[in-house]
Amino acid sequence: MILPLFMSLFTIFVAGVASSSCPMDLTYVETIPWNTSVCRDPIDKDSCCQTLSSIYAIGLAERLKENSIFYLPDVNTSSTCLSDFKDHLAALSIQPKMVSLCFPNPTQFVTNSSACAGIRTTQDWKQKVGMVTPLDTSCNGDLKDQIRCSVCSDAAINLISKLTTIAPNANATKCFYYIVLYAAAVVNPFGITDVSTTSCILGLAQPSSAEIRGSSNKRGKVMKLVFSLFGAVIGVLLAFALMVVMYRKWEKRRKENVHHREVENEVKACVLPNTGAKWFHISELERATSKFSDSNMIGRGGDGVVYKGTLSDGTVVAIKEFFDLETKGDEDFCNEVEIISNIKHRNLLALWGCCVTSDNLKGKRRFLVYDFMPNGTLSYQLSLTGANRLKWPQRKNIILDVAKGLAYLHYEIKPPIFHRDIKTTNILLDSKMNAKLADFSLVKQGREGQSHLTTRVAGTYGYLAPEYALYGQLTEKNDVYSFGIVILEIMSGRKVLDNLNSCADSITDWVWTLAESAMMEEFFYDPIRGEGPQKVMERFVHVGMLCAHAVAALRPTIAEALKMLKGDIDIPELPNRPVPLGHASFQSSLLNGLQKSD
C-alpha cells in the first residue's frame, strides 16, 4: 500500500514539474539591440555574464511591472525560464552553455525572504524604503544623457547602504539587482526595452562598432548594385538631391546660429546691464576646468553639476552648469542672476559672473561662477566621510552665520527674499569655517508683509514647512522651519533625511521626547558634550525646536531667533508639542500635498 501511494505521489510531482512554464515572455532577447559579440568566440566570460544578466533583467523587470513581484516563485519556474533563455540565445548563435556558466544556481532568481530586507513585492519595497526616494526623482527622465545617468546611478548606490542598514544581513549584490529592477520597471517612464532604460539602468552594452560596420557594408553592397544597374542617370539625380539636402542643412544651420546669437543677446541684455556680473566666454570656463573633466567635478544635484576651476589669474572658483535647459526658459536664469548679484553679505555666497552659450551640437548651456569654498558643504562636514569633526564653537558660529544670512534676505532687501531650500547641502564653509548660504535657484521675492500662495512647491523633503508642503503657503516662516531643522542636525550630529521613514526616530520627535523627559543632554552630539556651557547649548536646541514647530504662528521670526541665540532676549516657554512628523495622518497629508504640487 505504501509503495503504490508513493509512486502515485511521485507521478503527480513529476507531472507538475513537467507542466511548469516560464511566466516571462523572452522573445525580446532576439529583437532588442544588444552587443551579442561579447558572448561569441573568443568569449570574455565576465563581460558575457554581465551582459546576459542585464538581458535577463529585462524579463524580470517586465514581470515586476505587470505583477508587482520581484523574482520567480520557485526553483522549477526559474529552471524553466533559464531553459527558455538558452533557446532564444541559441537562435542568436550563442552557446547554451553560457547560461549554465553565468547562472549556475537557478535559486538566485527565486524569491527569498532573507535576500534583501525581506522584500518580495513593490508594496514591501515602499514599506522598507519609503514612498519617495532619491531613486524616484533621479531615474525618472531620459537617461541617454550621461550626466543624468550618473545622477541615477549615484541614487541607486546610495540606496544600497540604506537597505543594508535596514537589514545588516542582506545580500548587497541582490539588493542592488532589486534596485535596478525597480528603477527599470516602476520609476523610468520610457519603457523597459527603451535604450534609455537598457543602456543606463540595466547597464546593457549596445551593438559593437564592428557589427554596425558589418551592417553598413551590406547596405553598401546593395547600393553599389543599384548604382551599377541604373547607371550615370541615377548618379546625376542623387548628386543633385545631395546638393539640395546639403543646401537645406546649411541654411537650417545658419538660421539656428542666428537664433542662438539672438537668444544669447537677449539673455545678456537681461543679465548684465544692472548687475555688475562678469561675462565669461565658454572657452575661459573650459580652460579653467580642463574642459569640464570629471576630475574637477565637486558636486552634483537635481538641477546641475558643479566644477572646481582655476581662472587665468589664478583665482579658484566654483562653476555650476544647469540641467534641463531645453525645457526651461531663461526667465528663471535671469531672475536668479539678478537677485544674487544684488545681494552682498558675508554669509551669502558671492557671484563672480555667468556664461550663456548655445551651439547645434550641445544646445544651450548656462553657467554661474561663484567663490570656491574649500571646506565644502555643511552636510559633508556633518557626515561620517567628513568625520563630523566640528567643535562646539564652530557649530555655534555656523548656526549664527546662517541666521544672519537669512535675516539679511528677510529684512534688509525690499521686497524680502525667501530662499525656499535651506538645508545642510546648501550651506558652504570657507577656509575659516565661516558659513555662507548658497544655491539660490529656488529663491522667490515676496510681497512685504504678505503671504504668498503658490501651486509649485519647491524645496527638499524633510526641510519643507508643513503649511508650505501641504497648501503652498509661502512666507518667511518657511525658511525659519528649515533653519530649525538645520539647528537640530548641527546640535545632534544626526541627519533628518536618515530618519524620514521611521516614525519614532524623526529628529523633531526625538528632541521633543527628550525635552519632555528632562534628558536634553542626550540630544547633543556626543563629542561636543562638555565643550560649551550646557545652558547655552540647550538654548540653541530650544530655538531649533521653536523654529521647527509644525504650527507657523508659534515659530519666531528669523530676527527673533537670532536674538534668542545670542542671548539678547529670553526664550519663551516651549508651546505644546506639535503632532509628531511620523504620525500617520501627517505623513499621509504631506505626501498628498507633495504629489499635488508635482
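Read the figures in this text as sums done on the coordinates, not as results from a lab. Small disclaimer: the values here were computed from a predicted structure and weren't measured. For neighbour counting, all protein chains shown are included, and Cβ atoms are generated from backbone atoms with ideal geometry for every residue, glycine included.
Side notes on the structure shown:
- In terms of the mean number of neighbouring beta-carbon atoms within 10 Å, the peptides 477-483, 508-514 order highest first as 477-483, 508-514.
- Lys pairs under 24 Å by Cα in region 19-201, provided they are eight or more residues apart or on distinct chains: 17
- Relative packing of 417-429, 115-127, 298-310, which averages over residues the other C-beta atoms within 10 Å, highest first: 417-429, 115-127, 298-310
- When peptides 54-62, 484-492 are sorted by average Cβ neighbour count within 10 Å, with the highest value leading, the order is 484-492, 54-62.
- Set of region 23-53 residues, backbone N closer than 17 Å to the point 7 Å along the Cα-Cβ line of THR173: 45-53
- The distance from the alpha carbon centre of region 522-558 to that of region 273-319 is 38 Å, rounded to a whole number.
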